[in-house]
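Reading through the structure tokens given below for one structure.
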Amino acid sequence: MEHGKCENCDGQLTGRVDKRFCDDQCRSNYHNRNKRKSERVIAAVNRQIRKNRSILHRFCPNGKATVRKERLLDAGFSFQYFSSIYQQGKLAYYFSYEYGFAPIVEQSHSEGRPIEKVLIIQYQEHMKGKFDPWKY
Ligand SMILES: [Zn+2]
């Protein structure tokens with residue numbers, strides 16, 4: 001009796017109807033490949049957060065700094081990825097490990113327009129475990 005195809009090698013399956021693979025070899029190849037795929041995703045996100053951390057560290061060597069958004073983007077920063085969040089009133093700080101930034105807008109008098117900047121800070125003990133996603 002024939003039914004379905006092996007999810008690993010696309011070979012025709014025979015035998016039990018609920019079979020997904022030819023044999024144990026195909027089963028383990030399939031699961032190894034998928035594991036590698038998810039590990040690649042995790043590694044890529046971790047790489048970006050590490051990169052973000054080193055950029056924030058570079059721009060904020062002394063605990064606190066204000067930098068234009070473009071300067072971080074030019075350095076390869078991604079605002080999409082972060083490892084934790086700390087909310088203080090209306091301001092959210094997005095952390096890459098122990099360095100965090102909050103988006104702010106400052107009015108520039110010389111340029112006559114609002115400028116998007118980031119306020120960079122270092123992690124402090126009092127920020128630990130304070131975030132409640134249902135509160136905001
Ligand atoms: Zn197979």
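Residue pairs whose Cβ atoms lie under 9 Å apart, separated by 6 or more positions or on different chains, with the first residue in region 17-28 and free of Cβ contacts under 8 Å to residues at least 40 places away in the same chain and the second among the hydroxyl-bearing types (S, T, Y) and surrounded by 12 or more Cβ atoms within 10 Å (Cβ to Cβ), are R20/Y30; F21/S28; F21/Y30.
E116 passes every criterion in (1) touching a Ser or Thr at 6+ places or on another chain (Cβ under 7 Å); (2) charged (D, E, K, R); (3) assigned to a strand (DSSP E or B) apart from (1).
Look at region 12-59 and say how many of its residues are closer than 30 Å to F101 by Cα, more than 15 Å from the chain's Cα centre (by Cα) and at pLDDT below 95. Residues meeting the conditions: 0. Tell me, please, whether a residue that is on the phi < 0 side of the Ramachandran plot, surrounded by fewer than 16 Cβ atoms within 10 Å (Cβ to Cβ), β-branched (V, I, T) and free of Cβ contacts under 8 Å to residues at least 24 places away in the same chain can be found in region 44-51. No, because not a single residue in region 44-51 is on the phi < 0 side of the Ramachandran plot, surrounded by fewer than 16 Cβ atoms within 10 Å (Cβ to Cβ), β-branched (V, I, T) and free of Cβ contacts under 8 Å to residues at least 24 places away in the same chain.
Of all the residues that make up region 66-108, how many are of a type in the set (A, V, I, L, M, F, W, C), over 18 Å from K128 (Cα atoms), in contact with a strand residue (DSSP E or B) (Cβ under 9 Å, 6 or more places away or on another chain) and exposed (fewer than 15 other Cβ atoms within 10 Å of the Cβ)? Outline the logic, then answer.
Step one: of region 66-108, the residues of a type in the set (A, V, I, L, M, F, W, C) are 67, 72-73, 75, 77, 79, 82, 85, 91-92, 95, 101-102, 104-105.
Subset that is over 18 Å from K128 (Cα atoms): 67, 72-73, 75, 77, 79, 104-105.
Add one more test, that the residue is in contact with a strand residue (DSSP E or B) (Cβ under 9 Å, 6 or more places away or on another chain), and what stays is 67, 72, 77, 79, 104-105.
Cutting the leftovers down to exposed (fewer than 15 other Cβ atoms within 10 Å of the Cβ) gives us 79, 104-105.
Within region 66-108, residues that are of a type in the set (A, V, I, L, M, F, W, C), over 18 Å from K128 (Cα atoms), in contact with a strand residue (DSSP E or B) (Cβ under 9 Å, 6 or more places away or on another chain) and exposed (fewer than 15 other Cβ atoms within 10 Å of the Cβ) number 3.
Scanning region 103-113 for residues that are among the charged types (D, E, K, R) and assigned to a loop (DSSP other than H, G, I, E, B) returns a single hit, E111. Restricting attention to region 8-21, does a residue exist that is small (G, A, S), out of contact with any Lys or Arg (no Cβ under 7 Å at 6 or more places or on another chain) and loosely packed, with under 10 Cβ neighbours inside 10 Å? Checked against the condition, which is being small (G, A, S), out of contact with any Lys or Arg (no Cβ under 7 Å at 6 or more places or on another chain) and loosely packed, with under 10 Cβ neighbours inside 10 Å, region 8-21 yields no hits at all.
The values are calculated or read from the model by the stated rules, or taken from the named source; none is laboratory data. Model, not experiment: these values are computed from the prediction. Because the Cβ atoms are built from the backbone with ideal geometry, glycine has one as well, and the counts that use them run over all protein chains shown.
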